[in-house]
Amino acid sequence: MPPVTGSTKKTTTSTTSKTSSASGKTSSGALKKGKKKIAAAPLKSKVESKKLVNPLYEKRAKNFGIGQDIQPKRDLTRFVKWPQYVRVQRQRSVLLKRLKVPPPINQFT
């Protein structure tokens, strides 16, 4: 069977392109930088339309100073008197971390 001529042409063109890139020069003759081309950015999704706002409500900035607006709710769980078993297990975990108990002794805890 005769060899396929199309495949030989492709190999010769690929080798010529490799040699030109391997020499580090572009077609203009200037030295090529080591940077690669950045991939094209993915297509941006459509811009979301603005939500409808009721014109009857006015938006005002809040001032939480003394005698001003009501202060926002805060998480006060830290200041609660916890049950004793919760306090003990927390203190125990902190103590074990601080003492750095060796593993042979720690196996019995």
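The values are calculated or read from the model by the stated rules, or taken from the named source; none is laboratory data. What you see is a predicted model; the values in this text were computed from it and never measured. Ideal geometry is used to build each Cβ from the backbone, glycine not excepted, and the neighbour counts take in all protein chains shown.
In table form, for the structure just shown:
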| read-out | value |
| --- | --- |
| Selection from the range 83-109 of residues that are at pLDDT below 80 and surrounded by 10 or more Cβ atoms within 10 Å (Cβ to Cβ) | V101, N106 |
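Conditions tested, residue by residue: (1) modelled with pLDDT under 65; (2) among the aliphatic types (A, V, I, L, M); (3) surrounded by 10 or more Cβ atoms within 10 Å (Cβ to Cβ); (4) over 32 Å from the mean Cα position of the chain (by Cα).
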| residue | (1), (2), (3), (4) |
| --- | --- |
| A41 | no, yes, no, no |
| K51 | no, no, no, no |
| L56 | no, yes, no, yes |
| I70 | no, yes, no, yes |
